[in-house]
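Worksheet: the structure to be examined is printed underneath.
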Amino acid sequence: MDFEQLKTFLHVCRLKSFSRAAEKLGVTQPAISAQIRSLEKEVGARLFDRDGGKVTFTAAGRLFEPFAEHCLQCHSHIVVAVNELYRSARGEVSVSASEATSLYILPPVFAEYKKQYTRVNLSIVRAEHLRSIEMVVNREVDFAIVSTPLKDPRLTVQCIHRDEIVLTVSPAHPLATRSTIKVDEMLQFPMLLLKQGRQRTLLNNFLESFDAQPRVAMEVDSSELLKRLIAAGLGMGFLPRANVDDDVRGGLLKVVKVEGMRISRELALIFRKDRTLTHAAHAFLEIATNSTEQLYPALRTAKAAL
C-alpha cells in the first residue's frame, strides 16, 4: 500500500468515476483500475462496486475511506514539517566538545546563536577528543569541536579558533614578577602537565628541541583541574590563553613568556561530509566558523600575538 494508491482511491471516491479520476490525475483509466485492484488485494476486500459507468462504495470501501483520508493528511503534515525544518531554523543542534572548550570557547557562540534562533534547542555533550570524533562518525551528534590536525576522509574539518599555549603560574610563584624568562630558568621549578593529548605533544616537542628535562610534579587529565592546581600554588603549567584570560584579569593567575617558545593550538568544527544539514545546523555552522573572533574579543588579541 502506498500514498499514490490512497490518493487514487480518494479521487475515485469523490468523483465516483474511474475515467474522471484518471483525467484529474493525468493518467490512463487502466492505470487507475490497476492501482485500485492492487489496493483491494492488499486490503483483502473489494472497495467499489461498478455497474456500467456507475461507481459506488462497498461496505469495506466506506469503512476504508476515513483511514485513507487520515493517512494522506499525515503524509502532508510530514512533508510540510520536514520542508519547514530545512527552510527555517528549528529543531535541535547537538555539539560534542571537551570540558575546556565547553567552558571557554562555546558560550559566546551559543549565546549569539540563541539570540538569532530562539526556536532551536542547543545541546552540548562533554567528551574528550577521540570520543567526540566517534560521536560525529556514528551520527550521535551533529558537530564536534576538536584539536587539529585531524585527517579523516569521512569528515569536514573547519578551523574556528587559534590561540597560543602559555606558561601560567600563581601570583605567589617566584616567577610571577617576571614578564619573560629563559627555558633553563623555567626548568628549575616543578611543573604540572596534562597526561596526554595534542597540547602535551606540542609541549614535549618544544622541550625536546632544547634537550630539556622538566621537573614533573604531577600529571593530570583535565585542563580545568590543571588550572586550579596552578592557582593553588602546586606548580606551574601550560594552558591555552583563552582558558586563563579571565583569571589573569582577575589577578588569580599570571602568564610568563618563555624565550623561544611559540606553541599554538587550533580547534576545528567537524561534521560528516555525507550528513544532510538542517537549516538550524547550517546556521550554527555559519556562526561558529565566521563569527568566533567577533564574539570573543580575547581571541582577536591572542590571534594577533601569534
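Laboratory data are not the source of any read-out in this text; all were calculated from the coordinates shown. Since the model is a prediction, treat every value here as computed from it, not as a measurement. Here the Cβ is made from the backbone with ideal geometry for all residues, glycine too, and neighbour counts use every protein chain on show.
For the stretch 3-87, the dipole from Cβ point charges (+1 on Lys and Arg, -1 on Asp and Glu) about the Cα centre works out to 220 debye, to the nearest 20. For the chain, DSSP calls about 55 percent of its internal beta bridges antiparallel. With 0.36 nm allotted per residue and the present C-alpha distance subtracted, the Leu252-Leu10 stretch has 79.7 nm of extension available.
What is the dipole size for the stretch 163-264, taken about its Cα centre, with +1 at each Lys and Arg Cβ and -1 at each Asp and Glu Cβ, in debye to the nearest 20? Kindly include the intermediate steps, with their values, before the conclusion.
Numbers: 13 positive and 13 negative charges, 26 e Å.
That gives a dipole near 120 debye.
Computed packing ranks the peptides 247-255, 176-184, 12-20 as 12-20, 247-255, 176-184, most packed first, by mean other Cβ atoms within 10 Å. Put in order of Cβ neighbour count within 10 Å, fewest first, the listed residues Met261, Met236, Met218 become Met218, Met261, Met236.
Partners of Lys16 within straight-line reach, counting aspartates and glutamates whose Cα lies under 20 Å from its Cα and excluding those fewer than 8 residues away in the same chain: Glu4, Glu40, Asp49, Asp51, Glu65, Glu69.
Which of the GluC sites (Glu not before Pro) found in the stretch 112-215 are loop residues per DSSP with 15 or fewer other Cβ atoms within 10 Å of their Cβ?
Passing both the DSSP loop test and the Cβ count: Glu140.
Each of Leu187, Leu253, Val216 was placed along the dipole of the stretch 163-264 (beta-carbon charges, centred on the mean Cα), and the one lying farthest toward the positive end is Leu253. Along its three principal directions, the equivalent ellipsoid of the stretch 3-87 from the Cα gyration tensor extends over semi-axes of 26, 15, 11 Å, largest first. Label-to-label distance, Leu63 versus Glu42, with points set 7 angstrom from Cα along the beta-carbon direction: 1.8 nm.
Only lysine pairs 8 or more places apart or on separate chains count here, and in the stretch 145-274 those with Cα atoms under 18 Å apart total 6. Applying the Karplus relation 6.51 cos²θ - 1.76 cosθ + 1.60 with θ = phi - 60° to the stretch 150-156 yields 3J(HN,Hα) values of 9, 10, 8, x, 7, 10, 8 Hz, where x marks Gly and Pro. Each principal axis of the Cα cloud of the chain was evaluated for its coordinate range; sorted largest first, these ranges are 104, 33, 28 Å. Its residues counted as N, the stretch 163-264 yields a C-alpha radius of gyration over 2.2 N^0.38 Å of 0.95. For the stretch 159-228 and the stretch 259-281, write down the distance between their C-alpha centroids in whole Å. Centre-to-centre (Cα) distance: 24 Å. Multiplying the residue separation of Glu208 and Leu187 by 0.36 nm and subtracting their alpha-carbon distance yields 6.3 nm.
Residue order for Arg162, Arg215, fewest other beta carbons within 10 angstrom first, comes to Arg215, Arg162. Computed over the Cα atoms of the stretch 2-51, the ratio of the radius of gyration to the Kirkwood radius (Rg/Rh) comes to 0.92. For the stretch 134-153, backbone nitrogen atoms closer than 14 Å to the point 7 Å from Arg275 Cα along Cα-to-C-beta are found at 134-146.
Under a 5 Å amide H cut-off, with hydrogens placed 1.01 Å from N, Ala144 pairs with Ser96, Ile270 among residues at least 5 apart or on other chains.
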